[in-house]
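Nothing in this text is a laboratory measurement; each read-out follows from the coordinates by a stated rule. What you see is a predicted model, and the numbers here were worked out from it, not measured in a lab. Note that we place each Cβ from the backbone using ideal geometry, even for glycine, and neighbour counts take in every protein chain shown.
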Amino acid sequence: MKTEILKIDSLKPETDKVKYAANVLKNGGTVVFPTETVYGLGANGLDEMAVKKIFQAKGRPSDNPLILHISRMEDINKLVREIPPILNTIADCFWPGPLTLIMKKSDIIPKVVTGGLDTVAIRVPRHNTALQLIHFAGVPIAAPSANLSGRPSPTSAEHVISDLSGRVDIIIDGGCSQFGVESTVLDLSKDIPTIVRPGGITIEDLEKVIPTVKLDEHLLKKVEGITPISPGMKYTHYSPNAEVFIVEGDANTVIDKINKLCLENKKIGKKVGVMATNQTIDRYLYGQVLTLGDRTNLDEIASNLFNVLREFDKMGVDIVFSESFETEGIGLAVMNRLIKAAGYKVI
Ligand code: TXA
Ligand code: MG
């Protein structure tokens, strides 16, 4: 398949280009588009055959459900069986934005979208190109992150091109993503609203509106014998080719530990990498050292994380040691993605 790359001005998307891509979606094609979180791989969410193309292009397991993206709140009515009483308040505060809500699905949504579940994930993204694309397509757009399954989510068109070129009809290049981690997924289908994936909207933000909101216990640790609510959470994720380890402790201990581990691994012929911060980058003695940004600015760390993981792959690094971060605010999403990238290996 030949993939067309469409460069678009994210601030003022050219209407003719967006309409062209929307038409491809309407006709059952696949279009990668930018959002404020990460790039999404979209298809008409009401067209079973089109949605199947998403799973095929990504190599995604069929039991891992997709998010439906809509451009207006009222489009939700035909997609859900019942409207949770809290929905309007949450939508007023956080939509458009990096929050995905899980609700009971209506019958018009094909099973392939929800991986057979009777719930559906829905979000209104905060990105002009995404909103216009959905609007012109006139249908809900099913879209997972536009990476090959298991790879770090794409935060630039370059990442998408390296994973999906030749596997989708169109890639819209709208520059770099703002948040850099995916949306927060909040399950409203249960008695207690539960965060099943942390993201751009933090638990601290949500608590102001839903005081009872809780975190699913799988977010930072592996829980044996319990099935995660979000099917996506059972798969290896965000993994670069290199083996990743997270190193914990106070700053000096972490730096010493990482220097020692790097030296040991270098001696046995491994190509090592260090995921550092602006505050510590000069103190690492061995290997390829990349910074995630200013440690006191977790938004910056979040927006660089997936790009840095991909950079290590480009360098052909075998083993990466990463510093760890506070789990406050968006730090929880950063640590959740890092821990998954590391396959829960924290030392
Ligand atoms: O920021 C984002 O959310 C991006 C952009 C493109 O919108 N999309 C994204 O989609 O990250 P994806 O498919 O990579 O992640 C969706 C997550 C998966 O972990 C999936 O298992 C979960 O949401 N999910 C989807 N539907 C669900 C449902 N009905 N119940 C529980 N979890 C669900
Ligand atoms: Mg994903």
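Quick notes on this one:
- Using a simple spin-label model with pseudo-atoms 7 Å out from Cα toward Cβ, residue 192 and residue 346 lie 2.1 nm apart.
- Applying 1/(1 + (r/R0)^6) with R0 = 45 Å to the Cβ-Cβ distance of residue 257 and residue 52 gives a FRET efficiency near 0.45.
- Exposure proxy ranking, count of Cβ atoms within 10 Å, fewest first, for 344, 286, 20: 344, 20, 286
- Each Cα pair of the chain feeds into the Kirkwood radius, which the Stokes-Einstein equation turns, at 10 °C and 1.306 mPa s, into a diffusion coefficient of 77 µm²/s.
- Once divided by 2.2 N^0.38 Å, the Cα radius of gyration of region 178-219 becomes 1.11.
- Full extension of the segment from residue 208 to residue 220, taken as 0.36 nm per residue of separation minus the current Cα-Cα distance, would add 2.1 nm.
- Length gained when the stretch residue 89-residue 296 is fully extended (0.36 nm per residue, less Cα-Cα span): 71.4 nm
- Proximal lysines to residue 314, defined as alpha-carbon separation beneath 27 angstrom and excluding residues fewer than eight positions away on the same chain: 2, 7, 58, 234, 257, 260, 266, 267, 270, 271, 340, 345
- Computed about its Cα centre, the charge dipole of region 249-347 is approximately 560 debye, with only Lys, Arg, Asp and Glu carrying charge at their Cβ.
- Exposure proxy for 5, 134: other Cβ atoms within 10 Å of each Cβ, ordered fewest to most, give 5, 134.
- Which of 18, 5, 90, positive extreme of dipole for region 1-105 (C-beta unit charges): 5
- GluC sites (Glu not before Pro), loop per DSSP, at most 15 other Cβ atoms within 10 Å - longest free stretch of the chain: 83-216
- A straight Cα-to-Cα reach below 20 Å connects residue 104 with the lysines 78, 190, 214, residues fewer than 8 places away in its own chain not being considered.
- Each stretch of four or more DSSP H residues adds -39500 (n - 2.57); spread over every residue of the chain, this sum gives -9000 deg cm²/dmol at 222 nm.
- Basic side chains Lys and Arg get +1 at the Cβ, acidic Asp and Glu get -1 at the Cβ, and with that the dipole of the chain about its Cα centre reaches some 940 debye.
- Where labels lie 7 Å past Cα in the beta-carbon direction, separation of residue 19 and residue 283 in nm: 5.8 nm
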